[in-house]
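Q: Below: one structure in structure tokens.
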2 protein chains.
Amino acid sequence: MLKLYFAPGTCALASHIALAEAGAGYAVERIDFKTNQQNSPDYLAINPKGRVPALVTEHGILTETPAILAFIAQSFPKARLAPVDDAFAFAQVQSINSYLCSTVHVAHAHRVRGSRWASEETSFADMKRKVPETMGACFTLIENKMFKGPWVMGGQYTICDPYLHTIATWLEGDGVDIAKLPKLADHHRRMTERAAVKKALAEQQA
Amino acid sequence: MLKLYFAPGTCALASHIALAEAGAGYAVERIDFKTNQQNSPDYLAINPKGRVPALVTEHGILTETPAILAFIAQSFPKARLAPVDDAFAFAQVQSINSYLCSTVHVAHAHRVRGSRWASEETSFADMKRKVPETMGACFTLIENKMFKGPWVMGGQYTICDPYLHTIATWLEGDGVDIAKLPKLADHHRRMTERAAVKKALAEQQA
């Protein structure tokens, strides 16, 4: 059975929702960031990067959200979570998820993870001040140029939707008002109503 | 025919090498960063993010290196650039490329692109000072925990190899001595000798 390592409030929620959407059999295990469990020897043996998510499969362990999401989509084709038989359409899905991973999540991370890229408190404060601008720019670009509607890729719900939704849950803390982005605000509201999202959140709070 | 928009010295080299490895028919067009051509209206119509690479295909335009690389591998299966028929092995490839994209490339970008995430010159200088440490840590992790050898994923050359190689070309400028990482130094040397790498570099300098 699949096993997902997660921490609440992190991007692991995207993979968690996708597992629930896929109808997969899975277990979840919480990693406690408050005690720095992600850097414990036991967890580093699972993911040497000391991050979540990590997905334990019968074949081995996977890390990195875009890779885990694509694996879930390809492993549960009946759930139709990605156009796995169309190389171009699949690449479009990967493109959105790559952008979320490398640009949007990274912009957000500068709010509280500045020590990854700098050393001085003044730099951390400077980074934190810029997050409303950078995250606002990312989500405005998604609203205007990427989001097809009603789901990210158009009529079909895909693995892009739980990933976008997960990052959108960070916007309030990042100082971005999603209400000013009508398509994304509507997406966010519809996502919160999905059974798989409710299931994943309940499992993370259990 | 495929058309790749690139700028010299950028991560677009990874997609360029992969096209050459695949034996694809392709054209390349250089975007001039010195005149900020990446943010010109003409180019923003191709890639609203104002970045390279962008790959024009008969189906539409693709952006983001991991997505372009996966598309090339899936579109030219005879080149065997990824295990496209094995969801787990393919996800392992995607995992490496996601890490390169979201962690390693991002760490590098703090050397000269600090204005993406901060506003003060003191912050940019602080970020720049930390790059040898962050890039050194990334490549040490790749050397010790990710790289299987002789290629990134083991015996088979994949789309991870041109991506790792491209980022490794930045290490000298980032203050990291690849000679201290014997497996990656050997990989880098063997990559520079490949015909596809020489072809791509020659096309970028033409």
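The values are calculated or read from the model by the stated rules, or taken from the named source; none is laboratory data. In this text, all values refer to a predicted model and were calculated from it rather than measured experimentally. Cβ sites come from the backbone with ideal geometry, for glycine too, and all protein chains shown count toward neighbours. SASA here: full protein model, heavy atoms, side chains in, ligands and nucleic acids out. Shrake-Rupley method; radii C 1.70, N 1.55, O 1.52, S 1.80 Å.
Q: Would you mind checking the pairs B:K3/B:K148; A:K180/B:K130; A:K148/B:K128; A:K183/B:K130; A:K3/B:K49; A:K49/A:K130 and listing those with alpha carbons more than 30 angstrom apart? Display every interim value, and only then the final one.
A: Values: B:K3/B:K148 32 Å; A:K180/B:K130 37 Å; A:K148/B:K128 38 Å; A:K183/B:K130 39 Å; A:K3/B:K49 36 Å; A:K49/A:K130 27 Å.
The answer is B:K3/B:K148; A:K180/B:K130; A:K148/B:K128; A:K183/B:K130; A:K3/B:K49.
Q: Ignoring solvent entirely, what values of log10 I(q)/I(0) come out of the Debye formula for region A:52-135 at 0.13, 0.14 Å⁻¹ when each Cα is a single scatterer?
A: The Debye formula, applied to the Cα set alone, gives -0.58, -0.64.
Q: Here's a follow-up. Take A:A27 and B:T169, extend 7 Å from each Cα along the Cα→Cβ direction, and tell me the distance between the two endpoints in nm.
A: The modelled label-to-label distance comes out at 4.7 nm.
Q: Which distances in nm, rounded to one decimal and ordered from shortest, link the label point of B:A27 to the equivalent label points in the other identical copies, with labels set 7 Å from Cα toward Cβ?
A: For B:A27, the other copies' label points sit at 5.7 nm, shortest first.
Q: Placing a label point 7 Å from Cα toward Cβ, how far apart in nm is A:K199 from its equivalents in the other copies, listed shortest first to one decimal?
A: In ascending order, 4.7 nm.
Q: Specify whether the C-alpha gyration tensor of the protein assembly as shown places it in the rounded, prolate or oblate class, a ≥ b ≥ c being the square roots of the eigenvalues: rounded for a/c under 1.5, otherwise prolate if a/b is larger than b/c and oblate if not.
A: Judged from the Cα gyration tensor, the protein assembly as shown comes out rounded (a/c under 1.5).
Q: Enumerate by residue number the GluC sites (Glu not before Pro) in region A:1-72 meeting two conditions: DSSP loop (anything except H, G, I, E, B), and at most 12 other Cβ atoms within 10 Å of the site's Cβ.
A: Loop-located and lightly packed - A:E58.
Q: Also, I was wondering about something else. Calculate the spin-label point distance for B:A202 paired with A:N144, positioning each point 7 Å from the Cα along the beta-carbon direction, and give it in nanometres.
A: Once both label points are built, they end up 4.3 nm from each other.
Q: From the convex hull of the Cα coordinates of chain A, what is the mean projected area in square nanometres?
A: 11.7
Q: Dividing the Cα radius of gyration by the Kirkwood radius, what Rg/Rh value follows for region B:90-196?
A: 1.00
Q: Then there's this: Cβ neighbours within 10 Å, averaged per peptide: list A:176-183, A:162-169 in order, most packed at the top.
A: A:162-169, A:176-183
Q: Report the B-A buried area as the accessible area lost on both sides summed, probe 1.4 Å, in Å² to the nearest 100.
A: Roughly 3500 Å² of accessible surface disappears when B and A pair.
Q: While we're on this one: Compute the relative contact order of chain B as a whole-number percentage, counting only Cα pairs closer than 8 Å that sit 6 or more residues apart in sequence.
A: 23
Q: Same structure again: Measuring from label point to label point, each 7 Å out along Cα→Cβ, what is the B:I61 to B:E193 span in nm?
A: Inter-label distance under the simple model: 4.0 nm.
Q: Take peptide B:197-205, look around each residue's Cβ out to 10 angstrom, count Cβ atoms belonging to other protein chains, and average those counts.
A: Mean number of neighbouring Cβ atoms from other chains: 0.
Q: When only C-alpha pairs under 8 Å and at least 6 residues apart count, what is the relative contact order of region B:118-193, in percent?
A: The normalised contact order for region B:118-193 reaches 31 percent.
Q: Given Cα positions, please report Rg to Rh for region A:149-200, the hydrodynamic radius being the Kirkwood one.
A: My calculation puts Rg/Rh at 0.95.
Q: A further question follows. Could you work out, residue by residue across B:102-111, how many beta carbons of other chains sit within 10 Å of that residue's beta carbon, and then give the average as an integer?
A: Mean partner shielding for this stretch: 4.
Q: Between the alpha-carbon centers of region B:145-202 and region B:49-119, tell me the distance in whole angstrom.
A: Taking the Cα centre of each part, region B:145-202 and region B:49-119 sit 16 Å apart.
Q: Still on this structure, please answer the following. As a test of the formula, what do you get for chain B when each DSSP H run with n ≥ 4 contributes -39,500 (n - 2.57) and the sum is divided by the residue count, at 222 nm and rounded to the nearest 500 deg cm²/dmol?
A: On the way: 9 runs with 98 residues, N = 206.
Theoretical 222 nm ellipticity from helices: -14500 deg cm²/dmol.
Q: When each copy gets a label point 7 Å from Cα toward the beta-carbon at B:K148, what are the spacings between them in nm, shortest first?
A: Inter-copy label distances (nm, one decimal, shortest first): 3.3.
Q: So, with a 1.4 angstrom probe, what is the percent of accessible area on the protein assembly as shown that is carbon and sulfur?
A: Carbon and sulfur atoms account for 51 percent of the accessible area of the protein assembly as shown.
Q: Same structure, new question: Please go through region A:38-124 and write out the trypsin sites (Lys or Arg not before Pro) that DSSP classes as loop and that have at most 16 other C-beta atoms within 10 Å. Write out the running numbers ahead of the final one.
A: Details: sites: A:K49, A:R51, A:K78, A:R80, A:R111, A:R113, A:R116; in loops: A:K49, A:R51, A:R80, A:R111, A:R113.
Sites meeting the loop and neighbour criteria: A:R80, A:R113.
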